[in-house]
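Below is one structure, written out as structure tokens; comments come after it.
The values are calculated or read from the model by the stated rules, or taken from the named source; none is laboratory data. Please read these numbers as outputs of a predicted model, since none were measured by experiment. Positions of Cβ are backbone-derived with ideal geometry, glycine not excepted, and every protein chain shown enters the neighbour counts.
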Amino acid sequence: MAQYDNCAADYVLAKKDSFRVDVEYFTFLHRMLLPVFQQQNANVQQDQLLAGKRVLDLACGDGHYTRKLKEHLGASEVVGVDISQAMIDIARAKEQAQPLGIIYEVADVQSLSSPAVKYDVITAFYLLNFARTNEELKRMVTATSNNLADGQTFFAIITNVCGDESTYNNEKHRKYAFMREAKLKNGFLSDGDEVKYTHFNDRDKTSFSYITYYLSPKTYEQVFKEAGFKTFQWVPFESDPKVEDRAFYDDFVQYAPAIGIIASK
């Protein structure tokens, strides 16, 4: 059973936390997607950013970002994949209620087969940080590479493996309605160590938790290289400068719990 099967509804609510838009999505769109596609077409409009492109969204969950890829960014075709049946059930219910033509499938990315026609763009929000070992990460990244057309780009958000010890067990995270906890050995983590995330719903005083895994930046970079990616870039989180109270996110950005990846074949 996937971890999110037990907390799917709670995780959907957690997607409404303000940092999802003001930091997470801002970084994804303005510091990852736009720089790549505006380099190809400087005049492209945001709502046409992915026009004509086939997009695969891995670890799509309830379709929170999958729907944005289609509705807000103009992708021609979008497929969402997740290992959690409960999450896919929610995503399909959203699609049924407000059809966008998105296909959702239950699948383990590690064993994802290569399609007859490969995708122009692949995205993955919080997928790779569930790899417990170098071998599991390599299977995920290799499957991603096998689904991505040559010369195209993979965009991912993962838990911040580049952060130092100050990004773990930090009480400053609590004001953003979550905690990130890890057992540091001499101030450091080793490959395969567990990192626990707990999200809080302050409205009804409930919470839910799940476990991710640490693998070093060096491990990530080597795995992507071995899987056939020619370029690899870390993208630090940044808050939207237009946010009214941008200072609210100062601690979030300074002790960022997540980070972006851009990798091209």
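Listed values, structure above:
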item	result
Unique residue being more than 26 Å from TYR11 (Cα to Cα) and among the small types (Gly, Ala, Ser) when the list is ALA177, ALA256, ALA227	ALA227
Enumeration of residues in region 164-187 that are surrounded by fewer than 17 Cβ atoms within 10 Å (Cβ to Cβ) and without any contact (Cβ under 8 Å) to a residue 24 or more places away in the chain	ASP164, GLU165, ASN169, GLU171, GLU181, LYS183, LEU184, LYS185, ASN186, GLY187
Qualifying residue in region 159-170 (condition: outside any strand (DSSP E or B), touching a strand residue (DSSP E or B) at 6+ places or on another chain (Cβ under 8 Å) and closer than 24 Å to GLU77 by Cα)	no
Checking GLU136 against (1) over 26 Å from THR206 (Cα atoms); (2) free of Cβ contacts under 8 Å to residues at least 60 places away in the same chain; (3) in a loop (DSSP other than H, G, I, E, B); (4) not small (Gly, Ala, Ser), the condition it does not meet	(3)
Conditions (1) within 23 Å of ALA256 (Cα to Cα); (2) surrounded by fewer than 19 Cβ atoms within 10 Å (Cβ to Cβ); (3) not charged (D, E, K, R): number failed by PRO115	(1)
Residues located in region 188-199, provided they are of a type in the set (A, V, I, L, M, F, W, C) and either crowded, with 18+ Cβ neighbours inside 10 Å or assigned to a helix (DSSP H, G or I) (or both)	LEU189, VAL195
Selection within region 1-51 - exposed (fewer than 15 other Cβ atoms within 10 Å of the Cβ), farther than 24 Å from TYR176 by Cα and touching a residue at least 60 places away in the same chain (Cβ under 8 Å)	none
Candidate set from region 223-241 (those that are in a strand (DSSP E or B) and of a type outside the set (A, V, I, L, M, F, W, C)); member that is surrounded by the most Cβ atoms within 10 Å (Cβ to Cβ)	PRO236
Helices (runs of 4 or more DSSP H) contained entirely in region 1-118, each with at least 3 residues that are at pLDDT 95 or above, of a type in the set (Lys, Arg) and out of contact with any His (no Cβ under 7 Å at 6 or more places or on another chain)	64-71
